[in-house]
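Chemist: Questions regarding the structure given below will be posed in turn.
We did not get these values from a lab; they are worked out from the coordinates using the rules stated. On a predicted model such as this, the values are computed, not experimentally measured, just so you know. Reconstructed Cβ throughout: ideal geometry from the backbone, glycine too, with neighbour counts over all protein chains shown.
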Amino acid sequence: MPFYHRLGKIPRKRHTQFRKPTGELYAEQLVSTEGFSDDYSLVYHTHAPTRVKGVDEPYSVAPEVAIEQNLRHRSFRGFAVKPKKDYLESRTCVMFNNDLAILLAAPQESMENYFFKNSGGDEMIFIHEGEGVLKTMYGLLPFRPGDHVIIPRGVIYQLHFNTSANRLLIMESYSPIRYPKRYVSKAGQLLENAPFCERDIRVPEELETHDKKGDFKVMVKRDHMIFPYHFATHPFDLIGWDGYHYPWAFSIHDFEPITGRVHQPPPVHQTFEGRNYVTCAFVPRMYDYHPNSIPAPYNHSNVDSDEVLYYVDGEFMSRKHVERGQLTLHPTGIPHGPHPGTVEKSIGQKETHELAVMIDTFKPLKLTKAAMDIEDEDYYLSWLED
Ligand SMILES: [Fe+2]
């Protein structure tokens, strides 16, 4: 999605003979979205990617709904999700609707024995803690804390960590994750008014070609089921590719905040959007500089959206008792705002060091049983004067 990219060797003309040194043909594959009507990549495998050896019994990863209809402010201790060795087992859905799911994960180990493919959704993996490399057939994408790693649907991947203490916020989007429309030109270039530009987008730069045959397990997720597939060739056997469909990364630390004399509205913090949602990044920035400005946000009612905020780092001027990894949900239409005392306290302050990721959904979010396990139950009462 970000821009045209190519890596490795490809033939000069598409759909023409492209041979190995042995004289055999490479296997061309078109990886396309919206049928054949949207972004795509043309990839060149060492072996045909179609050689399925078997499919094990699929199993459900459907989130268990605890609260179908929520209209209460809620707060969750994200770091209370217990670390697990395995990545897929660690993925814990806390909220979802028909447009997206929000998951927390604390995997301790790299994916060594299997690969994962989300067939039903694009993924945004926000790296809160941990670092390593995302391995895909499109090449290697190193990641570090603060990265939004965007993995379009259908990309087979492995997460390899250099660390064992890893904390991830994952958004599974059932529509493509895109830049906000107002940030891009007619041709798709990021405009001057956008808080980041193409130089801030990191793409795979190193291709690993695994010319291997054997039994390669790819866990394919569709809707809420995982289908364990076995392929006869290594999924990362590409000699080259080009196109627009590939994983990429954008660091929250590369987001250039837009500030003003008075409080700026939340859309200035926007990073991405999809069907019925937007995402934002709140980053360290100078406060408003009107002589009578109030840096703390005004009370607000998002009359038609559920607002999810994930606290990454720094002190939150408008909230009390915020901890890293905390996740708050302020549902549609119920007013919320600064905690008592924080408005006066914010006056005269020059800057904030807050770091947070926001996901606003335009349809109600359901809450899972896993979310209830880590809830701070009295949060909705926290605006009462103390
Ligand atoms: Fe808000």
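Chemist: Using θ = phi - 60° and the Karplus form 6.51 cos²θ - 1.76 cosθ + 1.60, what ³J(HN,Hα) does each residue of segment 80-96 get, whole Hz, x for Gly and Pro?
Modeler: 7, 5, 6, x, 10, 4, 8, 4, 5, 5, 6, 5, 10, 6, 10, 8, 6
Chemist: Between Leu207, Leu134, Leu25, which gets the highest mean-square fluctuation from a Gaussian network model of the chain, Cα cutoff 10 Å?
Modeler: Residue with maximal mean-square fluctuation among Leu207, Leu134, Leu25: Leu25.
Chemist: Quick one: work out Rg over Rh on the C-alpha atoms of the chain, Rh as Kirkwood radius.
Modeler: Details: Rg = 22.1 Å, Rh = 22.2 Å.
My calculation of the ratio gives 1.00.
Chemist: Can I ask one more? Treat every Asp and Glu Cβ in the chain as -1 and every Lys and Arg Cβ as +1, leave all other atoms uncharged, and give the resulting dipole magnitude about the Cα centre to the nearest 20 debye.
Modeler: Working: 43 positive and 52 negative charges, 250 e Å.
Dipole magnitude for the chain comes out near 1200 debye.
Chemist: Determine the distance separating the Cα centre of segment 56-73 from the Cα centre of segment 192-232; give it in Å without decimals.
Modeler: Comparing the Cα centres of segment 56-73 and segment 192-232, I get a distance of 26 Å.
Chemist: By the scheme Lys and Arg +1, Asp and Glu -1, what is the net charge of all other residues having a beta-carbon under 15 Å from that of Tyr4? Numbers along the way, then the final one.
Modeler: Values: positive: Arg6, Arg14; negative: Asp38, Asp39, Glu198, Glu205, Asp242.
Overall, the nearby charge balance is -3.
Chemist: Something else now. Kindly state, to the nearest 0.05, the FRET efficiency for Met225 paired with Thr16, given R0 = 41 Å and r defined as their beta-carbon distance.
Modeler: Details: r = 38 Å, r/R0 = 0.94.
According to the calculation, E is roughly 0.60.
Chemist: Taking H placed 1.01 Å from N in the peptide plane, check which residues at least 5 places from Val61 or on another chain put their amide H under 5 Å from its amide H.
Modeler: Met225, Ile226
Chemist: Using 0.36 nm times the number of residues separating Thr50 and Arg182, minus their current alpha carbon distance, what extension gain do you get? Working shown, then result.
Modeler: Numbers: separation 132, 0.36 × 132 = 47.52 nm, distance 3.99 nm.
Extra length available between Thr50 and Arg182 comes to 43.5 nm.
Chemist: Calculate the tail of P(r) for segment 44-142: the fraction of all Cα-Cα distances greater than 21 Å, expressed in %.
Modeler: Roughly 49 percent, once rounded to a whole number.
Chemist: Work out from phi, with θ = phi - 60° and the Karplus expression 6.51 cos²θ - 1.76 cosθ + 1.60, the ³J(HN,Hα) of each residue of segment 307-315, listed in order in whole Hz, and give x for Gly and Pro.
Modeler: Those phi angles translate into 10, 10, 10, 10, 8, 9, 7, x, 8 Hz.
Chemist: Name the residue, out of Arg14, Arg324, Arg144, whose mean-square fluctuation peaks in a Gaussian network model built on the chain with Cα pairs under 10 Å.
Modeler: Per the Cα network of the chain with a 10 Å cutoff, Arg14 tops the list.
Chemist: Further question on the same structure: Between beta-carbons, use under 10 Å as the cut-off and find the net charge around Arg167, counting Lys and Arg +1, Asp and Glu -1. It would help to have the intermediate numbers written out before the result.
Modeler: Details: positive: Arg324; negative: Glu129.
Overall, the nearby charge balance is 0.
Chemist: Another question, if that's okay. Taking only the Cα atoms of segment 105-155, how large is their convex hull per residue, in Å³? Let's see the in-between values first.
Modeler: On the way: hull volume 4.3 nm³, N = 51.
Value for segment 105-155: 85 Å³ per residue.
Chemist: Now, a different point. Can you give the Rg to Rh ratio for segment 295-375, taking only C-alpha atoms and Rh from Kirkwood? Spell out each step's value before the answer.
Modeler: Numbers: Rg = 13.6 Å, Rh = 13.8 Å.
Computed over Cα atoms, the ratio is 0.98.
Chemist: If the cut-off is a Cα-Cα distance under 16 Å, which lysines reach Lys9, setting aside same-chain residues fewer than 8 apart in sequence?
Modeler: Lys20
Chemist: Starting from the 7 Å offset along Cα-to-Cβ, what nm value, one decimal, do you get for the label separation of His160 and Glu205?
Modeler: Roughly 1.7 nm, to one decimal.
Chemist: Quick one: Debye curve from the alpha-carbon atoms of segment 244-340 only, equal weights, vacuum; give me log10 I(q)/I(0) at q = 0.13 Å⁻¹ to two decimals.
Modeler: -0.54
Chemist: List the equivalent ellipsoid semi-axes of segment 271-313 in whole Å, largest first, each obtained as the square root of 5λ for an eigenvalue λ of the Cα gyration tensor. Before the final figure, lay out the partial values.
Modeler: Working: eigenvalues 117, 46, 21 Å².
Here the semi-axes work out to 24, 15, 10 Å.
Chemist: On to the next question. In a shell of Cβ-Cβ distance under 12 Å around Leu88, excluding Leu88 itself, what net charge do Lys and Arg (+1) and Asp and Glu (-1) give? It would help to have the intermediate numbers written out before the result.
Modeler: Values: positive: Lys84, Lys85, Arg91, Lys117, Lys217, Lys221; negative: Asp86, Glu89, Glu109.
Counting the neighbours of Leu88, the net charge comes to +3.
Chemist: Additional query: Using the Cα atoms of segment 76-134, I'd like the radius of gyration and the largest Cα-Cα distance, Dmax, both in angstrom.
Modeler: Every Cα atom of segment 76-134 included, Rg and Dmax give 12.1, 32 Å.
Chemist: What ³J(HN,Hα) values, in whole Hz, does the Karplus curve 6.51 cos²θ - 1.76 cosθ + 1.60 give for segment 220-234 when θ = phi - 60°, with x put for Gly and Pro?
Modeler: Residue by residue, segment 220-234 yields 9, 9, 9, 6, 10, 10, 10, 10, x, 9, 10, 10, 7, 10, 5 Hz.
Chemist: Give the shape of segment 134-221 as rounded, prolate or oblate, defined through the alpha-carbon gyration tensor: a ≥ b ≥ c are the square roots of its eigenvalues, a/c under 1.5 means rounded, and otherwise the shape is prolate if a/b is larger than b/c and oblate if not. Before the final figure, lay out the partial values.
Modeler: Working: a/c = 1.92, a/b = 1.74, b/c = 1.10.
Prolate, because a/c is 1.5 or more and a/b exceeds b/c.
Chemist: What is the gain in length, in nm to one decimal, between Glu256 and Phe36 on full extension, counting 0.36 nm per residue of separation less the C-alpha to C-alpha distance? Let's see the in-between values first.
Modeler: Details: separation 220, 0.36 × 220 = 79.20 nm, distance 3.54 nm.
Extending this stretch completely gives an extra 75.7 nm.
Chemist: When the Cα centres of segment 359-377 and segment 83-149 are compared, how far apart do they sit, in Å?
Modeler: Centre-to-centre (Cα) distance: 19 Å.
Chemist: Calculate, for Leu88 and Glu323, the FRET efficiency according to 1/(1 + (r/R0)^6) with r their C-beta to C-beta distance and R0 30 Å; round to the nearest 0.05. Let's see the in-between values first.
Modeler: Values: r = 27 Å, r/R0 = 0.89.
According to the calculation, E is roughly 0.65.
Chemist: Here is a further query. Find how much the distance from Lys363 to Tyr298 grows on full extension, using 0.36 nm per residue of separation minus their present alpha carbon separation; answer in nm with one decimal. List each step's numbers first, then the result.
Modeler: Working: separation 65, 0.36 × 65 = 23.40 nm, distance 2.32 nm.
Fully extending the segment from Lys363 to Tyr298 adds 21.1 nm.
Chemist: Using modelled backbone amide H atoms (1.01 Å from N, in-plane), which distant-in-sequence or interchain residues come within less than 5 Å of Val184's amide H?
Modeler: Those lying under 5 Å, H to H, from Val184 are Leu191.
Chemist: Considering every Cα-Cα pair within segment 160-316, what fraction, in whole percent, is farther apart than 19 Å? Intermediate results must be reported in sequence, preceding the final value.
Modeler: Details: 8617 of 12246 pairs.
Tail of the P(r) past 19 Å holds 70 percent of the pairs.
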